[in-house]
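Here is the structure we will look at, set down as structure tokens.
The values are calculated or read from the model by the stated rules, or taken from the named source; none is laboratory data. All values derive from a computational prediction rather than experimental measurement. We place every Cβ from the backbone using ideal geometry, glycine too, and count neighbours over all the protein chains shown.
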Amino acid sequence: MKSIIVNGTVVNSDGQYRADVLIDGETIKAIGTDLPRDGATVIDAKGAYAMPGGIDVHTHCEMPFGGTIACELFETGTKAAAVGGTTTLVDFALQAKGDSLLKTYEDWREKADGDVCVDYGLHVAVTDLNDATLAEIPKLVDEGVTSLKLFMAYKGTIQVDDGTLFRTLQKARECGALVSVHAENADVIDVLVSQYLAAGKKEPKYHVTTRPPEAEAEATGRAIRLAEIAGAPIYIVHLSCAKALDEVRAARDKGQAVYAETCPQYLALCEDNFDLPGFEGAKFVCSPPLRDKADWPELWAGLRTGDLVTVASDHAAFNYAGQKELGLTEGFHKIPNGCPGVEHRLFILHTFGVAAGEISITRMVDVFSSMPARIFGMYPQKGVIAPGSDADVVVFDPNIEWVISAAQQMQNVDYTPYEGIPVKGAVTTVLSRGQVVVSDGKWVGKEGAGKYLGRLPFSG
């Protein structure tokens, strides 16, 4: 089956130009002008961009957390991703205490295979390390799981100590895996939470004040130094504030292999969102928490300079009714942490970034698609419009204006933190490995057509 995208502007991370894109089967065959159209389905991209499909390297579908399970299914999550211009997810397989890492990987494959509607890969989150599980890390790499995650947060549940993080960094360095960390000082946060609850301060807004930016910055710096001692690269997930970014910038300026992502919620939302009546602020509880809007300019600057290399959604969807409300009686510490956003990542990036003059369209493509592909072992199969690459292509019209609403979203959750935000730019067509899965902004793809993507070892 052949398709050709015509009349559009091709945008890659290294530039943009007017050209047509010829697709044959699952891959891109040619890019240029006056390409043959014989037998090809024509997709008109007049006035629009043809961009590589987005790659979201931070999602949590069907994840057990906080006494409940994330309500986003792999089927619904991958459909929502596609409608938002994302054609590849890398989800987190969370190790349960006592389970092996390989069992964790196999359990997540069982959840996802046959249900995913676009391609996906897996990270494994290490929560229970011993000699046996440590020895499994090279075996995960053989399975295409070339990245791991460890939590410096969530004391008493999934937090790891510095020794566990250090040993994992050493082993990952040996076998070509990249370690990512959730960097917050769990011990400090635990003390603050206890103090606030004892004082009767239980409202959602206190989630913010008990997780100060200094606790994120300290843990970020500590993780970076452990990686330096181990001689290993490190990736900081969901960086939210200027103080943590300072730690990343200082290490990168010295030449250390430190990479960091931020998320749309830290670029468009802030602690002011907690100023809602009743318990409504629970909708915005995620970790690290939303920060002061004074951090926004620093994060955009970090994206421009490359000190922040990716923007991922950290999509962790919990319904407000019945899930976020778990904190209604006992307090904010019982609210499941996480915000939905896999469907809206591109629109927030374009509206608050490109349309606002913060970043260029090519830089947006870089942090949305190309750099995630490079860092996590998918490039050039994914993350670029080029001959031989997978035909994951998004036709994006930058001029369409609309308003985000939970009533219109594909995400399997009863709210969106971006409710009522006007955005500029819309996805009109999406192809996943050459198949049209979104047309006129609506899902039209085949359910279960996504594939597991084994990724290459980290190469720097």
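A few notes on this one:
- Matching residues, region 8-45, being in contact (Cβ under 8 Å) with a residue 40 or more places away in the chain and assigned to a loop (DSSP other than H, G, I, E, B): 8, 13, 14, 25, 26, 45
Yes/no matrix, rows are residues, columns are (1) charged (D, E, K, R); (2) in contact with an Asp or Glu (Cβ under 6 Å, 6 or more places away or on another chain); (3) over 26 Å from residue 189 (Cα atoms):
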{"position": "72", "(1), (2), (3)": "yes, no, yes"}
{"position": "78", "(1), (2), (3)": "no, no, yes"}
{"position": "116", "(1), (2), (3)": "no, no, yes"}
{"position": "132", "(1), (2), (3)": "no, no, yes"}
{"position": "138", "(1), (2), (3)": "no, no, yes"}
{"position": "154", "(1), (2), (3)": "no, no, no"}
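- When residues in region 65-85 are screened for being at pLDDT 95 or above and out of contact with any Phe, Trp or Tyr (no Cβ under 8 Å at 6 or more places or on another chain), 8 of them pass.
- Condition met for residue 223 (in contact (Cβ under 8 Å) with a residue 24 or more places away in the chain, in contact with a Ser or Thr (Cβ under 8 Å, 6 or more places away or on another chain), surrounded by 20 or more Cβ atoms within 10 Å (Cβ to Cβ) and assigned to a helix (DSSP H, G or I)): no
- Hits in region 241-283 - residues which are among the acidic types (Asp, Glu) and over 22 Å from the mean Cα position of the chain (by Cα): 253, 272, 275, 280
- For region 46-64, the set of residues classified as assigned to a strand (DSSP E or B) and buried (at least 24 other Cβ atoms within 10 Å of the Cβ) consists of 50, 51, 52, 54, 55, 56, 57, 58, 59, listed by residue number.
- The residue of region 304-358 that is farthest from residue 192 (Cα to Cα), among those that are acidic (Asp, Glu) and buried (at least 23 other Cβ atoms within 10 Å of the Cβ), is 343.
- Tallying residues that are touching a residue at least 40 places away in the same chain (Cβ under 8 Å) and not in a helix (DSSP H, G or I) within region 276-291 yields 8.
- Total residues in region 392-417 satisfying the condition of being assigned to a loop (DSSP other than H, G, I, E, B), in contact (Cβ under 8 Å) with a residue 24 or more places away in the chain and surrounded by fewer than 24 Cβ atoms within 10 Å (Cβ to Cβ): the figure is 8.
- Any hit, region 306-320, residues being part of a helix (DSSP H, G or I) and not small (Gly, Ala, Ser): no
- Residues that are under 21 Å from residue 234 (Cα atoms) and more than 22 Å from the chain's Cα centre (by Cα), drawn from region 102-129: 128, 129
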